[in-house]
1. Out of the residues in region 34-61 that are under 19 Å from the mean Cα position of the chain (by Cα) and open to solvent by 70 Å² or more (accessible area, probe 1.4 Å), state the one that is nearest to Glu7 (Cα to Cα).
2. Kindly provide the set of residues from region 12-47 that are closer than 28 Å to Leu65 by Cα and basic (Lys, Arg), ordered by number.
3. Report whether or not Leu64 is surrounded by 13 or more Cβ atoms within 10 Å (Cβ to Cβ) and at pLDDT below 95.
4. State whether the residues of region 43-54 include one that is among the small types (Gly, Ala, Ser) and modelled with pLDDT of 95 or more.
5. Failed condition for Arg66, given (1) touching a residue at least 40 places away in the same chain (Cβ under 8 Å); (2) over 29 Å from Glu7 (Cβ atoms), with all others met?
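The values are calculated or read from the model by the stated rules, or taken from the named source; none is laboratory data. All of these numbers come straight from a predicted model, not from anything done at the bench. Please note: Cβ atoms are built from the backbone with ideal geometry, for glycine as well, and neighbour counts cover all protein chains shown. Protein only, heavy atoms only, side chains kept; ligands, DNA and RNA dropped before computing areas. Shrake-Rupley method; radii C 1.70, N 1.55, O 1.52, S 1.80 Å.
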Amino acid sequence: MSGPSQEDPRMVRQARQAAIVIFATMLIWVGAQVIGGQLGLPAKYAFLLDMIAGAAFVWALVVLLRVWRARQ
């Protein structure tokens, strides 16, 4: 196993990017749901936001799995 000082900077950057995507997606998704509910937007827009958020989460999961496998 490699120690913390021997980590690949590219992998660290990818993991950090995935974490930022997860955090930003959650904030935007929850905020959009609240604002959409207050404005009375149709449900089709809520489903569209759900699909976009789901795609972002899947992308982040794939990136994190690749980083995890590369570290083993």
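1. Once the filter is applied, the top-ranked residue is Leu61.
2. Matches in region 12-47: Arg13, Arg16.
3. Criteria not met by Leu64.
4. Yes: one or more hits.
5. Every condition holds for Arg66 apart from (2).
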